[in-house]
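Q: One structure follows; several queries about it will come next.
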Amino acid sequence: MLVNRIEYHQVTSTMSYDIPDDDIIEVFGSLENFIESEIAGDDDFYDFIMQYDYDREDDWWTDRKGGYDVEYEFPED
């Protein structure tokens, strides 16, 4: 018999970008303008940051601490 265990988790993902200050200043004029651009939700900020790679760290905190829902399915063969 096939049995599926389904776990519903929550994860916090942190993407870390290492963007050279000179690149930011060239496009936004200053680091402060860059930060303000993000706060204002400007498309220019998102378009700019998407040009850079990032390191990603996922914290599956419901897996570490418990507290996630589990259900089982019994699909037909």
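Quick note: the coordinates plus some simple rules give every number you see, no bench work behind them. As the structure is a prediction and not an experimental result, all values here were calculated from the model. Here the Cβ is made from the backbone with ideal geometry for all residues, glycine too, and neighbour counts use every protein chain on show.
Q: If you place +1 on the Cβ of every Lys and Arg and -1 on the Cβ of every Asp and Glu, how big does the dipole about the Cα centre of the chain come out, in debye to the nearest 20?
A: Values: 4 positive and 24 negative charges, 110 e Å.
In total the dipole reaches around 520 debye.
Q: Using the Cα centre of the chain as origin and beta-carbon charges of +1 (Lys, Arg) and -1 (Asp, Glu), tell me which of 27, 16, 49 is placed farthest towards the positive end of the dipole.
A: 16
Q: Apply the Karplus parameterisation 6.51 cos²θ - 1.76 cosθ + 1.60, with θ equal to phi minus 60°, to every residue of region 61-68 and state each ³J(HN,Hα) to the nearest whole Hz, in sequence, with x for glycine and proline.
A: Computed from phi, the couplings for region 61-68 are 5, 6, 6, 6, 10, x, x, 9 Hz.
Q: Now for a different question. Would you compute, from DSSP H runs of 4+ residues alone, the mean residue ellipticity of the chain at 222 nm, taking -39500 (n - 2.57) per run and dividing by the full residue count, rounded to the nearest 500? Before the final figure, lay out the partial values.
A: Working: 4 runs with 29 residues, N = 77.
Dividing the helical sum by the residues of the chain leaves -9500 deg cm²/dmol.
Q: Under a point spin-label approximation (7 Å from Cα along Cα-to-Cβ), what is the residue 17-residue 72 distance to one decimal in nm?
A: Simple spin-label model gives 4.6 nm for this pair.
Q: With contacts defined as alpha carbon pairs under 8 Å and 6 or more residues apart, what's the relative contact order of the chain in percent?
A: 62
Q: Related question: I need the phi-derived Karplus couplings for region 40-45: 6.51 cos²θ - 1.76 cosθ + 1.60, θ = phi - 60°, integer Hz, Gly and Pro marked x.
A: Residue by residue, region 40-45 yields 6, x, 5, 4, 4, 4 Hz.
Q: Continuing with the same structure: Using θ = phi - 60° and the Karplus curve 6.51 cos²θ - 1.76 cosθ + 1.60, what whole-Hz ³J(HN,Hα) does each residue of region 10-26 get, with Gly and Pro shown as x?
A: 10, 10, 10, 9, 10, 9, 9, 9, 10, 9, x, 3, 4, 5, 5, 5, 4
Q: Right, next: If you rank 6, 19 by fewest surrounding Cβ atoms within 10 Å, what's the result?
A: Working: 6 9, 19 14.
Fewest-to-most ranking of 6, 19: 6, 19.
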